[in-house]
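Right, one structure below, let's go through it.
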Amino acid sequence: RTEENILEINNIEVIYNHVILVLKGVSLSVPKGGITAILGGNGAGKTTTLKAVSNLLRSERGEVTKGSIVYQGARIQDQPPADLVRRGVIQVMEGRHCFEHLTVEENLMTGAYTRTDGRAAVQRDLEMVYSYFPRLKERRKSQAGYTSGGEQQMTAIGRALMSRPDMILLDEPSMGLAPQLVEQIFEIVKSVNENEGVTFLLAEQNTNVALRYAHYGYILESGRIVMDGPADELRENPDVKEFYLGMS
Ligand code: ATP
């Protein structure tokens, strides 16, 4: 693996509504081509960190007030989310946001809206997405709102892939899914990472599964990174075992 970082977050502070300080100086590096996990409990600031990168904070009256975010060598603060998508950064939101009234395939196609490389290329990528998610091919004509939670999560990830991203910010992919399905989703993330070279930065409360698939992890508590390290080291760390892996 290369040591080059696709993303560097340097000491950022995020404030909501001008007063609520949520990230209190967060720094992290995301190596190109890797899977990096941000771990921590409810309200630790995982989603806020991802939204700071994708610039989705503004609609929630949130603001990066300190520090810098550097993507492929350039500062990306204040870039509209659609511009970031064109530059290869896309976020899959928590709660698998799909367009409920569109079919699965129409949802996937909306992911290609920023592309200018023609229909043939988009069609090829649709087949690429179906090769990772055969279930979505079976369900392609179904209205997304009527598909299962797992299928909607797959649709949300597939839709992100249709933008030909370099990096996917994946928020809480395990949320609300049965353990077997969680495993299936993470297996697909792993093969997309390995075969397509897509970098992942994911936020997860499910430390156990995230540390089995990620290469490196950061643990966030009340807006601060309290620990970080290679995933296999974190899994063996006594504090991580006690507080995050639910083992005694
Ligand atoms: P979760 O798993 O619940 O999403 P998280 O680690 O992703 O947790 P965040 O969603 O980033 O945490 O929230 C961090 C803190 O920021 C929480 O205390 C939350 O209440 C607060 N917060 C989030 N969004 C807003 C907002 N729009 N306005 C004010 N406070 C917010």
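Rule-based calculations on the coordinates, nothing more; no lab input. Computed from a prediction, not measured in an experiment: that's the story for all the values here. For neighbour counting, all protein chains shown are included, and Cβ atoms are generated from backbone atoms with ideal geometry for every residue, glycine included.
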Residue by residue through segment 10-16, what is 3J(HN,Hα) from phi via Karplus (6.51 cos²θ - 1.76 cosθ + 1.60, θ = phi - 60°)? Round to whole Hz and write x for glycine and proline.
10, 6, 7, 10, 10, 10, 9
In a Gaussian network model of the chain with springs linking alpha carbons closer than 10 Å, the residue among His97, His215, His18 that fluctuates most is His18
Reachable lysines, given that their alpha-carbon falls under 19 Å from the alpha-carbon of Lys24 and they are not under 8 places away in the same chain:
Lys46, Lys51, Lys66
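With a Förster radius of 45 Å, plug the Cβ-Cβ distance of Glu8 and Gln123 into 1/(1 + (r/R0)^6) and report the FRET value to the nearest 0.05. Let's see the in-between values first.
On the way: r = 35 Å, r/R0 = 0.79.
Efficiency for this residue pair is about 0.80.
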Which aspartates and glutamates have a Cα lying under 20 Å from the Cα of Lys190, excluding residues fewer than 8 positions away in the same chain?
Glu3, Glu4, Glu94, Asp125, Glu127, Glu151, Asp166, Asp171, Glu172, Glu204, Asp232, Glu233
Angle, helix 179-196 long axis vs. longest principal axis of the chain, Cα atoms, 0 to 90°, nearest 10?
80
